[in-house]
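The values are calculated or read from the model by the stated rules, or taken from the named source; none is laboratory data. Note that the structure is predicted; figures quoted are calculated from it, not measured. Don't worry about glycine lacking a Cβ; one is built from the backbone with ideal geometry, like all the others, and counts go over all protein chains shown. Ligands, DNA and RNA are excluded from the accessible area calculation, which covers all protein heavy atoms including side chains. Shrake-Rupley method; radii C 1.70, N 1.55, O 1.52, S 1.80 Å.
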Amino acid sequence: MALIEVENIRKDFVVTRKAGRLRRERSVVHAVDGISFTIERGTIVGYIGPNGAGKSTTVKMLTGILVPSAGRISVDGLVPTEQRIPLARRIGVMFGQRIQLWWDLPLIESFELFRHIYSVKAERYRENLASFRELLELDPFLETPVRQLSLGQRVRGELTAAMLHDPEVLFLDEPTIGLDVVAKQRVREFLLRANRERGVTVLLTTHDLADIERLSSRILIIDHGKLIYDGDVEALKARYGTERVLVVDLEEPGPPLRLEDARVIRTEGLRQWIAFERDRTSAARLVAEVAAQAALRDLTVEEPEIEDVVRRIYRGVAQHAPNV
Amino acid sequence: MGDTLALYGHLIAARIRAQLQYRGSFVLETVGHAVVTFLDFVVILVLFANVPRLATWSQPEIALLYGISALAFAITDLMVGQLDWLSNWVRDGTFDQMLLRPRGTLFQIVSSDFQLRRLGKAAQGLVVLVYALSVLPIEWTPLRALLLVATIPVSAVIFISIWVFTICIVFWTVDGKEVANAFSYGGQFFAQFPMNIYDRWLRRFLGYLVPIAFISYFPALYILGKPDPLGLPAALQFAGPLVALVAALAAGRMWRVAVRHYQSAGG
């Protein structure tokens, strides 16, 4: 049996808004609208989609916070909202924008409290703490009150707190949000090691395509409450993520450049944005082509944003689906 | 059970350490709270000095009602006063993290705070209670002493149940906190005076349905050996523990239904 089984789940929210002085209009929002997937033990799965697509709502149903309106969920053989407490002992959760730690206390005291809350055996706690202290380099700020930690330090503390009780599965909602490149890298390293060495299954939501590329081989994409892609990251990129953008700053203003295998999608003063397909031309060839037409001052290449990829997929779905 | 009590100790100790981190603010708050409590006390003295009798109740007898009610409510406030924050936790989704931990949500609320400054309120109630007991000509029997000692925790359980039951409204309408306050803080006020001064319908609703009469009125009648001005069965004077049990079960049931209705926040 797969570690996580999700079968046709839905979550509806009733939204009331004022319509006139006393009258209120009620409407139903389908935050999650019939999603199914399974996740095998020991894998890392990325769960992405634009804001408001239903990512957090799904994670909240999987972790026992929200009761699904319909459908069936099983996490490690448990029904989340029915068996919330036994489930809580087997999962670790970190929401990048929420604080689990005790704000006013030194970091180490939060860990101690988690040890008691989760009834972690003293010896196991010592082993785990020693290992995370080394891996996440916690020692310099272990005695610092959480409110005085930098975001990067706090996230490292949160990750430790989520892992102290040896969870089977980690649910991470935007774990790298707001972090600098070095801190992001450290979080990713940690997750990879937790997965490899402890066999922890990881489901993470993110806006950062790099998180997915470094961590997971499988990706689930959700939009408007529906699952629109479930598969490998490479296949996704090959299909949808091939368009990149070359941004050039020219020495003198001029009309949009005319290029063989690429098109200018936007101009602004001296700057022009040129979209090109990876498999039709290379950045190097394109630069040469631009340089032949105008004097170049500066250039950058933009990778496709996850939102763009999602939008393209969604457009594709909309085109292929009948009745849309 | 032992494990839960130990955890309660750890969590409360942590809260107290956290309060002591902001020493200046802690001192100011404690002083401020003491001043307010003292002013409350002055109000009672003024009231008692001007109202020697209230509907067959002498001034010290009312002080007994006041003392029981104030002390039981101070314990309630110390334990679950943070329910005042629940509507914020529900609105901003902080309640999420309580659902993510392997402990009961009510237990986590009870153990999430312990405001030392509220001890002043308990001391005030205790002072009034001791005063009442010292001036009242009570003929002590073992049963009367037992009832008095049991009444404080039993009444606290009734207050806590009323608060938990009514605060559940915030899971449906986040602005519902004031409704709950009407029953919690309002209930304490209601319990400070004898039931026979209230209108019949008010008595039926707040006194018996919301069982506030069992907090101070019925036990005080027995302790004082006073005939019930309402002529109700004497058995009611011992019904406190049973009422507390029923109220606690109802509150627990309501809480479970409400938590299932929790909608969290954000996408």
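Using Cα pairs closer than 8 Å and at least 6 residues apart in sequence, work out the relative contact order for chain A, in percent.
That works out to 18 percent.
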What figure, in Å² to the nearest 10, do you get for the accessible area of A:HIS224 with a 1.4 Å probe and non-protein molecules left out?
120 Å²
Answer with one residue from A:ALA210, A:PRO255, A:LEU191: the one whose Cα lies farthest towards the positive end of the charge dipole of the stretch A:168-266, charges on Cβ with Lys, Arg +1 and Asp, Glu -1.
A:LEU191
Selection from A:SER27, A:GLN153, A:GLY42, by position along the positive dipole direction of the stretch A:1-160 (Cβ):
A:SER27
Divide, for the stretch A:4-237, the radius of gyration over alpha carbons by 2.2 N^0.38 Å, where N is the residue count.
1.07
Summed over the other residues with a beta carbon less than 10 angstrom from that of B:TRP85, with K and R at +1 and D and E at -1, the charge totals -1
Only helices at least 27 Å long along their own axis, judged from Cα atoms, and with Kyte-Doolittle mean hydropathy of -0.5 or greater: name those in chain A from DSSP H.
none
DSSP-assigned coil residues among GluC sites (Glu not before Pro) in the stretch A:97-191, each with at most 15 further Cβ atoms within 10 Å
A:GLU137, A:GLU143
Would you mind telling me the share, in percent, of accessible area of the stretch A:4-70 contributed by carbon and sulfur at probe 1.4 angstrom?
46 percent
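Compute the whole-percent fraction of alpha carbon pairs in the stretch B:183-224 spaced more than 17 Å apart. Each step should come with its number before you reach the end.
Values: 161 of 861 pairs.
Result: 19 percent of Cα pairs exceed 17 Å.
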About the Cα centre, and with charges only on the beta carbon of Lys, Arg (+1) and Asp, Glu (-1), how big is the dipole of the protein assembly as shown? Nearest 20 debye, please.
1760 debye
Surface/4 of the Cα convex hull for the stretch A:242-303, nm²
3.6 nm²
What does the accessible area per residue of chain A come to in Å², with a 1.4 Å probe and no ligands, DNA or RNA counted?
48 Å²
GNM result for chain A, Cα springs below 10 Å: residue of A:LYS226, A:LYS184, A:LYS237 fluctuating most strongly
A:LYS237
Let me check I've understood the local charge: for B:GLY225, count other residues with C-beta under 13 angstrom from its C-beta, Lys and Arg +1, Asp and Glu -1. What total comes out?
-1
Specify which residue in the list B:TRP201, B:VAL110, B:VAL127 is farthest towards the positive end of the charge dipole of the stretch B:2-261, using unit charges on the beta carbon of Lys, Arg (+1) and Asp, Glu (-1), about the Cα centre.
B:VAL110
Dipole in debye (nearest 20) - the stretch A:4-237, about Cα centre, beta carbon charges: Lys, Arg +1; Asp, Glu -1:
1000 debye
Loop sites in the stretch B:122-225: chymotrypsin sites (Phe, Trp or Tyr not before Pro), DSSP, at most 12 other Cβ within 10 Å:
B:TRP140, B:TRP172
Whole-number value, in Å³ per residue, for the convex hull of the alpha carbons of the stretch B:109-223 is 127 Å³
Which one, A:VAL75, A:VAL182, A:VAL169, has the greatest fluctuation when you compute a Gaussian network model over chain A with C-alpha springs under 10 angstrom?
A:VAL182
With a cut-off of 8 Å between alpha carbons and a minimum separation of six or more residues, what is the relative contact order of the stretch A:242-303 in percent?
49 percent
Out of B:ASP199, B:ASP228, B:ASP113, a Gaussian network model of chain B with alpha-carbon springs under 10 Å gives the largest mean-square fluctuation to B:ASP199
Distance in Å, no decimals, from the C-alpha centre of the stretch B:128-196 to the one of the stretch A:1-52 is 43 Å
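Hand me the trypsin sites (Lys or Arg not before Pro) from the stretch A:46-134 located in a DSSP loop with no more than 14 other Cβ atoms within 10 Å, in residue order please.
A:LYS121
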So what are the three principal axis dimensions of chain B from its Cα atoms, in whole Å, longest to shortest?
60, 41, 37
Summing Lys, Arg as +1 and Asp, Glu as -1, what charge do residues with Cβ under 15 Å from the Cβ of A:LYS18 carry, A:LYS18 excluded?
+3
A correct Kirkwood calculation over the Cα atoms of the protein assembly as shown returns a hydrodynamic radius in Å of 28.3 Å
Setting aside same-chain residues fewer than 8 positions from A:LYS55, which lysines have a Cα under 26 Å from its Cα?
A:LYS11, A:LYS184, A:LYS226, A:LYS237
For the stretch B:2-261, accessible area per residue (1.4 Å probe, heavy atoms of protein chains only), Å²
45 Å²
